[in-house]
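Notes follow once the structure below has been shown.
The values are calculated or read from the model by the stated rules, or taken from the named source; none is laboratory data. Everything quoted here is computed from the prediction, not taken from an experiment. Virtual Cβ from ideal backbone geometry, glycine too; neighbours counted across all protein chains shown.
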Amino acid sequence: MKRSKWRTHFAGAHCDPILRSWLTEQGSLTARCQRASSSFRVRLLRYGKGRALADEAVEGKVGRHPAWVREVVLECDGVPVIFAHTTLSTAHSGRMTRWMAGLGSRSLGSLLFAYPGFKRGGIEFLRIDERHPLYRRAEALGPQGKSLWARRSLHRLGRQQVLVTEVFLAGITLLK
């Protein structure tokens, strides 16, 4: 299997400054969305057992075990701005498994940044296009252009780890 091209340093030299600030945000995107809009909503698209994407498994981020997969779209003032794809291995059960199952349309970010036991790994970046499965899922939310920037980070709680990938949609540049 081909090695993933996710990078630990953001290499978008010609990236829109607003988009760059969102991509490199170290804090909670949920909290930033709430500050940047008068109406914020998390819309649950999918939650259930599935398989990790090829570039999640090849990097050892989630592994080859079946995973709990959660996909949501973050909307600010009715505009989709971030498509989020989260995987949690089914190899170990624990608090994260229960929490993910009970989230519904609540933000995972509000949990990850509020609970003191989480340890966040580094942020990785990738520009995706129609060849990447997450681009195709994001495009289902509306036309997005030829490519989209995405970032991901691994969050650990005890023996469990959850990989959160966020794809920044065209509407993100409408926010500050």
Exercise. From 59, 25, which residue is modelled with pLDDT under 90 and either exposed (fewer than 15 other Cβ atoms within 10 Å of the Cβ) or assigned to a loop (DSSP other than H, G, I, E, B) (or both)?
Worked result: 59
For this session: Name every residue in segment 77-126 that is out of contact with any strand residue (DSSP E or B) (no Cβ under 6 Å at 6 or more places or on another chain) and assigned to a strand (DSSP E or B), in order of residue number.
Result: 79
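Only residues that are among the hydroxyl-bearing types (Ser, Thr, Tyr) and assigned to a strand (DSSP E or B): list them for segment 127-165, please. If you could, list the steps in order and put the result at the bottom.
Step one: filter segment 127-165 for residues among the hydroxyl-bearing types (Ser, Thr, Tyr), giving 135, 147, 153, 165.
Hits for segment 127-165 are 153, 165.
Condition check: surrounded by fewer than 15 Cβ atoms within 10 Å (Cβ to Cβ), of a type outside the set (Ser, Thr, Tyr), on the phi > 0 side of the Ramachandran plot and more than 14 Å from the chain's Cα centre (by Cα). Does residue 102 satisfy that? Spell out the reasoning first.
Details: surrounded by fewer than 15 Cβ atoms within 10 Å (Cβ to Cβ): yes; of a type outside the set (Ser, Thr, Tyr): yes; on the phi > 0 side of the Ramachandran plot: no; more than 14 Å from the chain's Cα centre (by Cα): yes.
Here the answer is no, as residue 102 does not meet what is asked.
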Exercise. What tally of residues in segment 1-36 results from selecting those that are free of Cβ contacts under 8 Å to residues at least 12 places away in the same chain and aliphatic (A, V, I, L, M)?
Worked result: 1
For this session: Scan (1) in contact with a Gly (Cβ under 9 Å, 6 or more places away or on another chain); (2) touching a residue at least 60 places away in the same chain (Cβ under 8 Å) for the single condition residue 39 breaks and write down its number.
Result: (2)
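Taking residue 69 as the residue in question, decide whether it is within 21 Å of residue 37 (Cβ to Cβ) and either within 17 Å of the chain's Cα centre (by Cα) or part of a loop (DSSP other than H, G, I, E, B) (or both). Steps first, answer last, please.
Values: within 21 Å of residue 37 (Cβ to Cβ): no; either within 17 Å of the chain's Cα centre (by Cα) or part of a loop (DSSP other than H, G, I, E, B) (or both): yes.
Taking the combined requirement at face value, the residue does not satisfy it.
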